[in-house]
Each structure stands twice: as C-alpha cells, then as structure tokens.
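Right, one structure below, let's go through it.
Taken together, the values in this text are just the output of simple stated rules run on the coordinates, not laboratory data. Quick caveat, the model's predicted, so the values are computed rather than measured. Note: ideal-geometry Cβ built from the backbone for every residue, glycine included; neighbour counts use all protein chains shown.
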Amino acid sequence: MVVHIVHGINLGQLGTRQPEIYGTLRLEDQIPIFQTWLDAHFGGTELRSFQSDDEGALCAYLAQHDGSESVFLINPGAFTHQSVALRDAVAALTSPIIEVHLSHTYARESFRRASLLAPFTRGTVSGLGWLGYRLAIEGLLANDQ
Ligand code: DQA
C-alpha cells in the first residue's frame, strides 16, 4: 500500500508562511517524521509526498496514482475553496481520499468553510495541525484493512 500525501498551492512555504497560523515546521522536515511513524505502526506501507502550486499537476498526480494500491491524504490549500478541476479529479478517484487542513478552517474567514472536494472524500480533518495528518492516515489504512 502507498500513502500519497498531496499538498496544493502555497503549502511549499510551510515553516515561513504565516507561522502564527500554520506553525514553523517545514513540509520537507515533516515527511520523514511521518515515514518513521508509518514504519513503526504500519510496517511495509510506503509514503510518497507531492506538492504543487499547479492545479493541473495535482489533478494529473491523482489520476496517475489512482488504484487499489493507493490511498490519498490531500491538503489542497486554497484550491479547496475554488478548484472545480480538482473537485472533478477527486470525484473520479477509486482510491480512498481524506482532506486535511492544518488550521481550523471553520473558525476563520467564511469562504474557508466551503470545500468543493469534501463531498467526494471519505472525511475531513481540520484544525489539529500535523496531528491531523496522522489521524487521517490511520483512518485511510484502518478502513483499508
Ligand atoms: C489550509 C487552509 C486553506 O484555507 C488555506 O488556503 C491554506 C491552508 C490549511 O491547511 O489550513 O492554504 O489548507
């Protein structure tokens, strides 16, 4: 099984981008921590990370890796609230997918409360920081067993 952690627009700047909201940890530092945790709890499960500011590249990544050996965790960033293309790509998946947000999107500006993707996901985790990623991975793999 492969867990794909997919990040959308502006999330390559985690660590320096609005640290009061998103914290000071960088994506490239966090991924190896998840891999170590995955090895300890779900041995034999591979982790792949993909980040892009390009909506088309995100849609292509999902389509290319869809299948019975894949599960997806996606934090689409601002694409959550406005990308019909990403919504269509998520709707087309056969693999399970969970949407995750570092910040509590329901407690921020009203436009962040709407997700175009959520109806086609298995669930959403919002506001728990990086812990939310581990919970989402557990949800994806537990449902898979
Ligand atoms: C975010 C929330 C989005 O509203 C925002 O546009 C982001 C980050 C989060 O992880 O909290 O870029 O997805």
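Can you tell me how many residues in segment 1-26 are of a type outside the set (Gly, Ala, Ser), surrounded by 17 or more Cβ atoms within 10 Å (Cβ to Cβ) and either within 14 Å of the ligand (Cβ to nearest atom) or at positive phi (or both)? Number of matching residues: 7. For segment 8-28, the set of residues classified as more than 22 Å from Asp54 (Cα to Cα) and among the charged types (D, E, K, R) consists of Glu20 only. Residues in segment 55-68: is at least one within 16 Å of the ligand (Cβ to nearest atom), out of contact with any Asp or Glu (no Cβ under 9 Å at 6 or more places or on another chain) and not charged (D, E, K, R)? There is at least one residue in segment 55-68 that is within 16 Å of the ligand (Cβ to nearest atom), out of contact with any Asp or Glu (no Cβ under 9 Å at 6 or more places or on another chain) and not charged (D, E, K, R). The lone criterion from (1) within 13 Å of the ligand (Cβ to nearest atom); (2) closer than 14 Å to Leu131 by Cα left unmet by Leu38 is number (1).
Determine which single condition Asp53 fails, assuming it passes every other condition in (1) surrounded by 19 or more Cβ atoms within 10 Å (Cβ to Cβ); (2) farther than 15 Å from Arg134 by Cα. Failed condition: (1).
The residue that is nearest to Trp37 (Cα to Cα), counting only those in segment 93-117 that are free of Cβ contacts under 8 Å to residues at least 24 places away in the same chain, outside any loop (DSSP other than H, G, I, E, B) and in contact with a Ser or Thr (Cβ under 7 Å, 6 or more places away or on another chain), is Tyr106.
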